[in-house]
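Here is the structure we will look at.
The values are calculated or read from the model by the stated rules, or taken from the named source; none is laboratory data. Keep in mind that what you see is a predicted model, and the values were worked out from it rather than measured. Cβ placement follows ideal geometry from the backbone for every residue including glycine, while neighbour counts extend to all protein chains displayed.
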Amino acid sequence: MAAQRATATAVPTCGNRTGARRPPHIAFLMADDLGFADTGFAGSPLIRTPFLDTLAREAVHMTHFRAPTWCAPSRAAFLTGRHGWELGITASQGWTVLGKDVLLLSEVLKEVGYHTAIVGKFHFNPALRRHHPSGTAGFGCGFDQQYGFVGGQMDYYAHHPSWSRDGKQLREEGYATELFAAEAERVVLAHGRLRPTQPLFLWMAPNAPHTPMQAPKAALERFGADLHPEVRLYAAMVFSMDEGYARLHAALRRAGMLSNTLTAFVSDNGGPSMPSICNGGLRGGKGTSFEGGVRVPAFVHWPRCLGRGRGGPRQTSAAGHMVDWFVTLAEAAAVGLPEAQHQKLMQRVRHKAPHSLSLWPYLADSAPLGAMEKRQLVLQVGAPCSGVLRGRWKLVMASPRCLNTSLRDVDFQQPMRGFMAHRYLLDSKRGHGGADEHVHGTHAHSAATALGVGDGDGAGHGDAPTPEARLRAARAMGVQLQLFDLHNDPAERHDQLSGRNASVRAATASALLGHYLSALRVAHRAVGQAQQEGRLAPEAVKVWFCRQVYESWAPEVWSRYHSWTCNNRRGELTKLASVRLASS
């Protein structure tokens, strides 16, 4: 909380000549499953993103920015400033309905005078609008305008059954990414004509380059036919996404709004482990707690306040997270409010999202990293895998059910019988003490007691276990553990809990495990409340999530797999310090 209080007035002073401060238009650009190194500004010799590259040259990059491991909790983190495990969203793979107790960023911005719009993918249960009805009558959720679909993925030409404008279903023809670009253009031009003095918040979230791999012929023809077909499709999809963002910015310029626009770009999670996608040497991908799943490209372009960085891209290594956009953008939107109103609003925002920190001191280079260097982030509380980060240290956990080689031969969409998504690792309420059915009740109970999660709401009793005892207890409950020093090993190649360092690092791993157990109690209560209120329908983990863990967990498996994920694309690891991982 001290870090939050210190940043209460951290938005850069960037008023007009009279000294008055006016809120910016906000264009929030969110890619879907983009590889960490799959942009021109990251140095890719293959992927072409000319528009994003232009912005990137004048932007401030967050080189160690992290996000939840997959689409739904990431979007929830952005919109609420709260982690998926605080909301019960990781519990049912995205379909948990957010409750009345959350505050949405779109609602905050409407409250301070913004016109709000969402164009693209809205990966939330549509019942959300029952609890958050403000905005357009057919959609709500704090948005005055909506266009796109509600769900996880869709065919780019056939579209999703929920395809709609302002909540009213549509049947349209065309490539989805291009339709989103055209709609964003229309929203901006109409806003400039009808509401020239009102600030605009536009969340542009195309589902590109999420599967299925589909691209228009014109984009495909920009890439050589000698490329692997999937790589060529992927490159064309990213290029089309970039063109869509360019159309949005061109519309802002035509409407006379660009000079007062804050543009942020981010991917919702790491790129999936697929041959077409390159995470730049980071281990793992979407669906895992390894860096390839949680470390994402992110930058802010706001020349009026942050300058244009004419010496080249500027960077901050502050440990930002998707939850931080909530407070960060709320502060930018509230700059023109009277002091008393501003303080009241920000107190409410921070109360609703206590883990959301302002990024402005680090974006503006006006404060040392300080506490950010040791920031604690519970990256994931899940059944297949979980992860905790604190400063240089990261603990990754996995269920042995996800390390079974037989998963390679099973349909990835198939649910795993008895492996429920709302039963988290080390959750003693599961009835078997963990994710793994082979852990017998008595053994699991003893281990849970040693961990301090044996009864009540998960709080321990008596003396705290020693670090070694806590790690033994976690393993006895069937959970696999790996610890990494990200300062010296950003590619997560060397597990500090194996070999001669194991006893030395036990205390570090135990402390991180303790942080996870604290988050687990919160997650358990969130699931219970969601079930009680009928907002969560339990479902089994799908094979896909476990397969991602399997392919990245064992070094020998990952090294074989990774040998072709960035094949012939090593030049991508040379431009920004954030992706120089090849020789780590």
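Would you confirm whether any residue within segment 88-103 is in contact with a helix residue (DSSP H, G or I) (Cβ under 8 Å, 6 or more places away or on another chain), modelled with pLDDT of 95 or more and assigned to a helix (DSSP H, G or I)?
no
Within segment 81-105, which residues are surrounded by 24 or more Cβ atoms within 10 Å (Cβ to Cβ) and of a type outside the set (A, V, I, L, M)?
G81, R82, H83, G84, W85, E86, G88, T90, T96
Among the listed residues Y156, Y147, which satisfies the condition of being within 27 Å of A246 (Cα to Cα), part of a loop (DSSP other than H, G, I, E, B) and among the hydroxyl-bearing types (S, T, Y)?
Y156
When residues of segment 21-66 are filtered for being part of a loop (DSSP other than H, G, I, E, B), out of contact with any Asp or Glu (no Cβ under 6 Å at 6 or more places or on another chain), within 26 Å of Q153 (Cβ to Cβ) and not acidic (D, E), how many remain?
7
Taking the condition surrounded by 24 or more Cβ atoms within 10 Å (Cβ to Cβ) and in a helix (DSSP H, G or I), does S74 pass?
Yes.
Let's see how each residue does on (1) touching a strand residue (DSSP E or B) at 6+ places or on another chain (Cβ under 7 Å); (2) buried (at least 18 other Cβ atoms within 10 Å of the Cβ); (3) without any contact (Cβ under 8 Å) to a residue 12 or more places away in the chain:
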position	(1), (2), (3)
A476	no, yes, no
Q480	yes, yes, no
S503	no, no, no
A506	no, yes, no
S510	no, yes, no
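Given the residues S240, S273, S259, which is the only one that is in a helix (DSSP H, G or I) and crowded, with 24+ Cβ neighbours inside 10 Å?
The unique qualifying residue is S240.
As an exercise: evaluate A421 against (1) touching a helix residue (DSSP H, G or I) at 6+ places or on another chain (Cβ under 8 Å); (2) at pLDDT below 65 and give the number of the one condition it does not meet.
Only one criterion in (1) touching a helix residue (DSSP H, G or I) at 6+ places or on another chain (Cβ under 8 Å); (2) at pLDDT below 65 is unmet by A421, namely (2).
So, in segment 276-313, of the ones that are basic (K, R) and in a loop (DSSP other than H, G, I, E, B), which residue ends up surrounded by the fewest Cβ atoms within 10 Å (Cβ to Cβ)?
Within segment 276-313, the match that is surrounded by the fewest Cβ atoms within 10 Å (Cβ to Cβ) is R310.
How many of the residues making up segment 225-237 are surrounded by fewer than 24 Cβ atoms within 10 Å (Cβ to Cβ) and either outside the structural domain of E178 (by TED's automatic domain parsing) or out of contact with any Lys or Arg (no Cβ under 8 Å at 6 or more places or on another chain) (or both)?
Result for segment 225-237: 8.
Which of the residues belonging to segment 70-91 are under 12 Å from the mean Cα position of the chain (by Cα) and farther than 18 Å from G320 by Cα?
Within segment 70-91, just A72 meets the criteria.
What single numbered condition from (1) in a strand (DSSP E or B); (2) within 29 Å of G514 (Cβ to Cβ); (3) of a type outside the set (D, E) fails to hold for L357?
Looking at each condition in turn, L357 falls short on (1).
Which pairs turn up if I take residues in segment 317-330 that are assigned by TED's automatic domain parsing to the domain that holds V108 and look for partners that are in a loop (DSSP other than H, G, I, E, B) and of a type in the set (D, E, K, R) with beta carbon separation below 6 Å, at least 6 apart in sequence or on another chain?
A319/R375
How about segment 314-342: which of its residues are surrounded by fewer than 20 Cβ atoms within 10 Å (Cβ to Cβ) and either in contact with a strand residue (DSSP E or B) (Cβ under 7 Å, 6 or more places away or on another chain) or assigned to a helix (DSSP H, G or I) (or both)?
R314, Q315, E339, A340, Q341, H342, listed by residue number.
Identify, by number, the condition in (1) in contact (Cβ under 8 Å) with a residue 24 or more places away in the chain; (2) surrounded by fewer than 20 Cβ atoms within 10 Å (Cβ to Cβ) that P133 doesn't meet.
(1)
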